[in-house]
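For reference, the structure is listed below as structure tokens.
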Amino acid sequence: MTQAWSIYVELGRCDAPDDLYDDLHDRLATAHPAVGTAPNGNLSVRIFVEASTARQAIDTGLKTVSAALKDLDVTAPVVGVEAVTEAELDRRNAEKDIPALAGVGEIAELFGVTRGRAGQLTKRDDFPPAVTHLKSGPVYVKEQVQAFGERWDRRGGRPPKPVLTEVEKVLLAALRDAEAARSHAIVAWADYGTDIVVTSGEGRTFVVELKDFATAEAESPNEAIAKLANEKLVRVTRRNDRDELDVELTPKGAKHAAEM
């Protein structure tokens, strides 16, 4: 029982003139041809033949293409051939195409920003994941990147300010006020463990009474300091083995404290 087969033939010729495509198409007209260029630049031909087996289909297809080339007095060696049934070809054509991809350079062009800024955006938690990593860097589905761009808030182009609890705000304010003679303050826990004592370089003492802000989710002094350090608002160094810390406001912390 015969069936229709698609025969794809790649010919080892990269310099085919434009009229050869038309002439070859005309010579193969009864085989429903598609004459074009392979990804590597070679001349390519696809025709349809009727055959019982793949071997018969390939033999018929090669003879048909070779005869057309001979009639046109064209010499081009066959470098590849593929045979698939017409049904399989239809199935492949129905599959969804590979989506357009975008690297950091393309993302920068899409958003009108520098490559450095585009690289920063790809590290955001809400940025679409990379589909693969090439030597040139990660690549992303372009459609997903464009969707991110539609919801991205460009105002200021800066990350949102850290959200602090009342405890952390009061502690940050005390550190700001304590920075007098030096760029850091000494922080120690009060004897009863619920307050923080902040001492400036001039010896002034600021007691941050955490118990005044006690809630069901009350923070310990350690948690408050750790949060400020994690948000890069302060730099912390322990003073030897004593239960005291050298705490220095970072530029980010100083700016945040000044705006409170």
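Can you tell which of Ala181, Ala188 is over 18 Å from Leu228 (Cβ atoms), in the same structural domain as Lys255 (by TED's automatic domain parsing) and modelled with pLDDT under 75?
Ala181 is the lone residue from the list that is over 18 Å from Leu228 (Cβ atoms), in the same structural domain as Lys255 (by TED's automatic domain parsing) and modelled with pLDDT under 75.
Could you tell me which numbered condition Ile58 fails, if it satisfies all but one of (1) outside any loop (DSSP other than H, G, I, E, B); (2) in contact (Cβ under 8 Å) with a residue 60 or more places away in the chain?
In the conditions (1) outside any loop (DSSP other than H, G, I, E, B); (2) in contact (Cβ under 8 Å) with a residue 60 or more places away in the chain, Ile58 misses (2) alone.
Against the condition farther than 30 Å from Thr132 by Cβ, crowded, with 18+ Cβ neighbours inside 10 Å and in contact with a Pro (Cβ under 7 Å, 6 or more places away or on another chain), how does Ile47 come out, does it pass? Walk me through how you get there before you give the answer.
Values: farther than 30 Å from Thr132 by Cβ: yes; crowded, with 18+ Cβ neighbours inside 10 Å: yes; in contact with a Pro (Cβ under 7 Å, 6 or more places away or on another chain): yes.
Yes; evaluated as a whole, the condition is true for this residue.
Select from the range 1-41 the residues that are over 20 Å from Asp71 (Cα atoms) and in contact with a Leu (Cβ under 6 Å, 6 or more places away or on another chain) and list them in ascending order.
Scanning the range 1-41 gives a single hit, Ser6.
Report, by residue number, each residue of the range 139-151 that is surrounded by fewer than 17 Cβ atoms within 10 Å (Cβ to Cβ) and free of Cβ contacts under 8 Å to residues at least 40 places away in the same chain.
Hits for the range 139-151 are Gln144, Gln146, Ala147, Gly149, Glu150, Arg151.
Name the one entry in Asp97, Asp90 that is more than 25 Å from His133 (Cβ to Cβ) and not aliphatic (A, V, I, L, M).
Going through Asp97, Asp90 in turn, just one is more than 25 Å from His133 (Cβ to Cβ) and not aliphatic (A, V, I, L, M): Asp90.
Go through the range 1-15 and report how many residues are touching a residue at least 24 places away in the same chain (Cβ under 8 Å), more than 15 Å from Gly80 (Cα to Cα) and surrounded by fewer than 19 Cβ atoms within 10 Å (Cβ to Cβ).
4
The rows are residues; the columns are (1) in the same structural domain as Ile7 (by TED's automatic domain parsing); (2) under 42 Å from the mean Cα position of the chain (by Cα); (3) under 21 Å from Cys14 (Cα atoms).
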{"residue": "Val45", "(1), (2), (3)": "yes, yes, yes"}
{"residue": "Ser52", "(1), (2), (3)": "yes, no, no"}
{"residue": "Ile58", "(1), (2), (3)": "yes, no, no"}
{"residue": "Leu62", "(1), (2), (3)": "yes, no, yes"}
{"residue": "Ala67", "(1), (2), (3)": "yes, no, yes"}
{"residue": "Asp71", "(1), (2), (3)": "yes, no, yes"}
{"residue": "Val74", "(1), (2), (3)": "yes, no, yes"}
{"residue": "Val81", "(1), (2), (3)": "yes, yes, yes"}
{"residue": "Thr85", "(1), (2), (3)": "yes, yes, no"}
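Could you go through the range 147-161 and let me know if any residue there is in contact with a helix residue (DSSP H, G or I) (Cβ under 8 Å, 6 or more places away or on another chain) and aliphatic (A, V, I, L, M).
Among the residues of the range 147-161, not one is in contact with a helix residue (DSSP H, G or I) (Cβ under 8 Å, 6 or more places away or on another chain) and aliphatic (A, V, I, L, M), which makes the answer no.
The values are calculated or read from the model by the stated rules, or taken from the named source; none is laboratory data. Fair warning: this is a prediction, and the values are worked out from it, not measured in the lab. As a convention, Cβ positions derive from the backbone with ideal geometry for all residues, glycine included, and neighbour counts pool all protein chains shown.
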